[in-house]
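K.L.:
Dropping a structure here in structure tokens format, bear with me for questions.
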Amino acid sequence: MTVDNLISADVVTADGKLVRASANDDADLFWAIRGGGGNFGIVTSFEFQLYPLGPDVLSGLIVFPFDQAKSVLTQFAQFTETMPDELNVWMVTRKAPPLPFLSEDAHGKEIVALAICYAGDPSEGEKLIEPLRSFGAPYGEHVGVQPYTAWQQAFDPLLTPGARNYWKSHNFARLNDGAIDTIIEYAGKLPSPQCEIFIGTIGGATSRVKPEAMAYAHRDANYAMNVHGRWETAAEDERCIAWAREFFNKSAPHATGGVYVNFMTEEETDRVAAAYGPNYERLASIKKKYDPTNFFHMNQNIKPGA
């Protein structure tokens, strides 16, 4: 995670001072900003650790019909539990956009897509991803070697400005049958062509950091599920928001109770403590030290400790 690789940051604190936060300087502030976001100051510059990558990577999509969702999601859950760190596979279910590698018959129909990125030798990656194709009978695929920067931008056309959005999110340690069945149930009644449910696979190196090492504590989260409610007009608000909330509530028993703070929507202030888990009390104490009047409050707010 980016916060795992932050080396230092220049921070303007609530009293107007510019400080350098790192493991050796203002270490408690450094601990807090790695997950605590804008609650503690304004970061004007930062230094972080880089890693060799690419520049080309094996990446792309394999798209399955929605009537194969149970088979695809069950095997996806099993596959992602044992895949190597160099490989990541995400899942998204939505109505198919007019992707050029899909037949026109598939456009607008519910689909399950696997999004793949392999950071190692592409020839080795091809061997590793071959089992994914047997999860069902795909509509089609677009997988190949391309610049990592191109893969980063692959989904931008689906997120054009102007749409109305309402998101909900859960962390999962694993995807059990109950979670999978709930995903399929609500993906089968999408209230808008732009709504989607995605599962981002985390795990790997992110789980090898201790929960108390920094503000971000959810090292047991192997999956982050995002419910993207997205639509065009105010007349659709009630229907699309209700769908997202119902799905969120029904899937909650299978989740860890944690959440990634950037996926929380405006009214979820009651979940801020859950977003930081056992680290919340220490964050509140550091907040009191650096921002006792809660000057930085236009955020998922951590209030100064008593």
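The values are calculated or read from the model by the stated rules, or taken from the named source; none is laboratory data. Values in this document were obtained by computation on a predicted structure and should not be read as measured data. Note that we place each Cβ from the backbone using ideal geometry, even for glycine, and neighbour counts take in every protein chain shown.
K.L.:
For region 264-273, does any single residue satisfy the condition of being modelled with pLDDT under 95 and under 30 Å from G108 (Cβ atoms)?
P.N.:
yes
K.L.:
Report the residue count in region 17-65 for those that are without any contact (Cβ under 8 Å) to a residue 12 or more places away in the chain and more than 26 Å from V261 (Cα to Cα).
P.N.:
3
K.L.:
Here's another thing I want to ask about it. Among what's in region 192-209 and is outside any helix (DSSP H, G or I) and among the β-branched types (V, I, T), pick the residue that is surrounded by the most Cβ atoms within 10 Å (Cβ to Cβ).
P.N.:
Residues of region 192-209 that are outside any helix (DSSP H, G or I), as a first pass: 192-203, 209.
Filter again for among the β-branched types (V, I, T), leaving 197, 199, 201-202, 209.
Working: I197: 24, I199: 26, T201: 21, I202: 22, V209: 15.
Applying the filter and picking the extreme gives I199.
K.L.:
Report, by residue number, each residue of region 163-189 that is in a helix (DSSP H, G or I), surrounded by fewer than 16 Cβ atoms within 10 Å (Cβ to Cβ) and among the polar types (S, T, N, Q).
P.N.:
none
K.L.:
If I filter region 67-77 for residues that are modelled with pLDDT of 95 or more and of a type in the set (D, E), do I get at least one hit?
P.N.:
Taking every residue of region 67-77 in turn, at least one turns out to be modelled with pLDDT of 95 or more and of a type in the set (D, E).
K.L.:
Has region 268-283 got any residue that is assigned by TED's automatic domain parsing to the domain that holds T201, over 27 Å from V12 (Cα atoms) and of a type in the set (D, E)?
P.N.:
Among the residues of region 268-283, not one is assigned by TED's automatic domain parsing to the domain that holds T201, over 27 Å from V12 (Cα atoms) and of a type in the set (D, E), which makes the answer no.
K.L.:
Can you tell me how many residues within region 94-105 are in contact (Cβ under 8 Å) with a residue 12 or more places away in the chain and either aliphatic (A, V, I, L, M) or over 25 Å from P147 (Cα atoms) (or both)?
P.N.:
The total comes to 6.
K.L.:
For residues that are assigned to a helix (DSSP H, G or I), in contact with a Ser or Thr (Cβ under 7 Å, 6 or more places away or on another chain) and more than 12 Å from K168 (Cβ to Cβ), tally how many sit in region 228-253.
P.N.:
1
K.L.:
Mind counting the residues in region 125-162 that are surrounded by 14 or more Cβ atoms within 10 Å (Cβ to Cβ) and either part of a loop (DSSP other than H, G, I, E, B) or in contact with a strand residue (DSSP E or B) (Cβ under 8 Å, 6 or more places away or on another chain) (or both)?
P.N.:
Of region 125-162, the ones surrounded by 14 or more Cβ atoms within 10 Å (Cβ to Cβ) are 125-126, 128-129, 132-133, 135-136, 138-143, 145-146, 148, 151, 154, 158.
Narrowing the set further to residues that are either part of a loop (DSSP other than H, G, I, E, B) or in contact with a strand residue (DSSP E or B) (Cβ under 8 Å, 6 or more places away or on another chain) (or both) leaves 125-126, 128-129, 132-133, 135-136, 138-143, 145-146, 148, 151, 154.
Matching residues across region 125-162 total 19.
K.L.:
With (1) among the small types (G, A, S); (2) touching a Ser or Thr at 6+ places or on another chain (Cβ under 9 Å); (3) assigned to a helix (DSSP H, G or I); (4) surrounded by fewer than 17 Cβ atoms within 10 Å (Cβ to Cβ) as the list, and A69 as the residue in question, which single condition is left unmet?
P.N.:
For A69, the failing item is (4).
K.L.:
Say we look at region 257-306 and pick out the residues that are under 22 Å from A221 (Cα atoms), of a type in the set (F, W, Y) and in contact with a helix residue (DSSP H, G or I) (Cβ under 7 Å, 6 or more places away or on another chain); which of these is surrounded by the fewest Cβ atoms within 10 Å (Cβ to Cβ)?
P.N.:
Looking at residues that are under 22 Å from A221 (Cα atoms), of a type in the set (F, W, Y) and in contact with a helix residue (DSSP H, G or I) (Cβ under 7 Å, 6 or more places away or on another chain), I get Y280.
K.L.:
Count, please, the residues in region 41-66 that happen to be buried (at least 23 other Cβ atoms within 10 Å of the Cβ) and in contact with a Ser or Thr (Cβ under 7 Å, 6 or more places away or on another chain).
P.N.:
Selection size over region 41-66: 1.
K.L.:
Still on this structure, please answer the following. Within region 77-85, identify whether any single residue is within 19 Å of L175 (Cα to Cα), assigned to a strand (DSSP E or B), in contact (Cβ under 8 Å) with a residue 40 or more places away in the chain and in the same structural domain as S123 (by TED's automatic domain parsing), and answer yes or no.
P.N.:
no
K.L.:
Identify, by number, the condition in (1) out of contact with any His (no Cβ under 9 Å at 6 or more places or on another chain); (2) more than 20 Å from W90 (Cα to Cα); (3) of a type outside the set (D, E, K, R) that G229 doesn't meet.
P.N.:
Failed condition: (2).
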